1. About its Cα centre, how strong a charge dipole does region 9-105 have in debye, to the nearest 20, once Lys and Arg get +1 and Asp and Glu get -1 at the Cβ?
2. Excluding residues fewer than 8 places away in the same chain, name every one of the aspartates and glutamates whose C-alpha is closer than 20 Å to that of K182.
3. For labels at R137 and K182 in the simple 7 Å Cα→Cβ model, what's the distance in nm?
4. Could you tell me the largest-minus-smallest coordinate of the C-alpha atoms of region 52-137 on each of the three principal axes, in descending order and whole angstroms?
5. When only Cα pairs under 8 Å and 6 or more residues apart are kept, what is the percent relative contact order across the chain?
6. Taking the Cα-to-Cβ direction at L10 and at S52 and moving 7 Å from each Cα, how far apart do the two end points lie in nm?
7. Over the chain, with every protein chain in place, what whole percent of the accessible area is carbon and sulfur at 1.4 Å, could you tell me?
8. Taking the dipole about the Cα centre of region 19-150, with the C-beta of Lys and Arg at +1 and of Asp and Glu at -1, give me whichever of G139, P55, A83 is farthest to the positive side.
Amino acid sequence: MRDGFPDFRLGSVLATSFTGTLSERHGSAVERIPTPQRLVDWLTVSGLAVDSCTPAQLDLARELRESIHAAATAAALQDALPAPAVQVINDCSAQGRAAAILTPEGRRQWRLSPASRVEDALSVVAADAISIIAGERDGKLALCASPTCRAAFFDTSQSRTRKWCDMNTCGNRQKKARFHAKQRNPGSAE
């Protein structure tokens, strides 16, 4: 990754990986796409390469990211989906020109037109969000148990009881905090 920027937190679900470009939402927020070029970088590592991005396209991407997060959070809590977020997701989904293709290995991949735009890539992200929020995929939307994170993630574990958006960050941080608390107060019960 580019020097001076935090690493991307990539998961197996495109839409929730995209919402992870802003992490620690309830703590010291970490913006992982602070510049148009950084959005180009994220799209590239996510298989949606575009040539360039304008500041207005970055603003649109962030609006989509926050709309997906709001709708996914509502879905995870089994609340009503916020109408403005649904509108942004639907508008972004309808704006793009992308096609699903089958690779020789039998996997789905997205093909953007040769003159692809950020809007084309964002339409793929929006379509992915629609599929998980609408319950079309095998899994469950959940929220990270870390009080500073609360990221929406798509739980595909067998038991559907995953607690953390990422065990290597939020999960380990919480385990360390419990360990240190136990060390400070060894007589306390769990």
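1. Details: 7 positive and 10 negative charges, 20 e Å.
In total the dipole reaches around 100 debye.
2. E190
3. Calculated label separation equals 3.4 nm.
4. Sorted from largest, the Cα extents of region 52-137 read 39, 34, 15 Å.
5. Details: 275 pairs, mean separation 38.9, N = 190.
The value is 20 percent.
6. Going from the L10 label point to the S52 one covers 2.5 nm.
7. Working: 5330 of 10410 Å².
Roughly 51 percent of what the probe reaches on the chain is carbon or sulfur.
8. G139
The values are calculated or read from the model by the stated rules, or taken from the named source; none is laboratory data. Keep in mind that this is a model prediction, so the values were computed, not measured. Reconstructed Cβ throughout: ideal geometry from the backbone, glycine too, with neighbour counts over all protein chains shown. Side chains included, ligands, DNA and RNA excluded: accessible areas come from the protein's heavy atoms. Shrake-Rupley method; radii C 1.70, N 1.55, O 1.52, S 1.80 Å.
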